[in-house]
Amino acid sequence: MVNAALTIKICGLSTPETLDAALSGGADMIGFVFHPKSPRFVTPERAAELAAQARGKAEIVALIVDWDEKRAADLVELLKPDRLQLHGSESPELAAAIASASGRPVMKALGVATAADLDRVPRYAAVVDRILLDAKPPKDAAFPGGHGRAFDWTLLTGLDPALRFMLSGGLDPANVAEAIRVTRPAGVDVSSGVERAPGVKDPARIAEFIASARKAAAAMQEGLTA
């Protein structure tokens, strides 16, 4: 059940200016992408510089794709993120091993295109801190997320109401309110939906997205308590 304390994550940040826009707007989580094929890729060293700007103001999330537990633990040592986001084909067993080795909560992204894709949710939910439901990328995609594609949100109506999941995939300032109304997530995650070009964040769109999401969450809460 969504509430006014909806978690908002701005992912794929790479400059001080856009990071400041996310922080000033009130984002709860900011994400750095460590997948070299992504247009939002940053090096661990660059991310560490940016993380200093955000530390204590928002939760720092490191997005990795199909890393082993040692590599993940080494990144944690350098960056000291608050959370790891696994955005590849990691198994539940590997997700648990990464959480143990890194000493950090883990969020696992699961691509959704059909109802059958949700069958995996319970196995991952048992071993990670949070589930991120994202649109499945195109089959020929070079990287796993940030393609600006949405999936059919009504597929999520059968999920366990107690599951605290975050929603991603094709979200933007114009549709995030409807996404929240339909899915009632614990949080929303945006990347390409607040960009003016792939990998180039737009401070105005970041602010608009956060404001729209907050307003929708508050309206939902008012409706539930009326």
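A few remarks follow.
- Of all residues in segment 20-37, one or more are buried (at least 16 other Cβ atoms within 10 Å of the Cβ), of a type in the set (Phe, Trp, Tyr) and either under 11 Å from the mean Cα position of the chain (by Cα) or closer than 19 Å to residue 208 by Cβ (or both).
- Within segment 15-44, being within 21 Å of residue 88 (Cβ to Cβ) and either at pLDDT below 95 or in a loop (DSSP other than H, G, I, E, B) (or both) holds for 34, 35, 36, 37, 38, 39, 40, 42, 43.
- Residues that are at pLDDT 75 or above and open to solvent by 20 Å² or more (accessible area, probe 1.4 Å), drawn from segment 129-150: 129, 130, 136, 137, 149, 150
- Count - residues of segment 94-116 that are open to solvent by 40 Å² or more (accessible area, probe 1.4 Å) and farther than 29 Å from residue 43 by Cβ: 4
- Evaluating residue 47 against the criteria (1) buried (at least 20 other Cβ atoms within 10 Å of the Cβ); (2) at pLDDT below 95 leaves one unmet condition, (2).
- Residue in segment 63-73 that is closer than 30 Å to residue 221 by Cβ, open to solvent by less than 40 Å² (accessible area, probe 1.4 Å) and in contact (Cβ under 8 Å) with a residue 24 or more places away in the chain present: yes
- Residue 119 being surrounded by fewer than 15 Cβ atoms within 10 Å (Cβ to Cβ), charged (D, E, K, R) and under 25 Å from residue 156 (Cβ atoms): yes
- All positions within segment 82-91 that are in contact with a strand residue (DSSP E or B) (Cβ under 8 Å, 6 or more places away or on another chain), open to solvent by less than 50 Å² (accessible area, probe 1.4 Å) and over 17 Å from residue 38 (Cβ atoms): 83
- Residue in segment 48-57 that is in contact (Cβ under 8 Å) with a residue 40 or more places away in the chain, in a loop (DSSP other than H, G, I, E, B) and in contact with a helix residue (DSSP H, G or I) (Cβ under 7 Å, 6 or more places away or on another chain) present: no
The values are calculated or read from the model by the stated rules, or taken from the named source; none is laboratory data. Every value quoted in this text rests on a predicted model; they were computed, and no experiment measured them. Quick reminder, even Gly has a Cβ in these numbers, built from the backbone with ideal geometry, and neighbours come from all protein chains shown. Quick note on the areas: whole protein, heavy atoms, side chains included, nothing else; ligands and nucleic acids left out. Shrake-Rupley method; radii C 1.70, N 1.55, O 1.52, S 1.80 Å.
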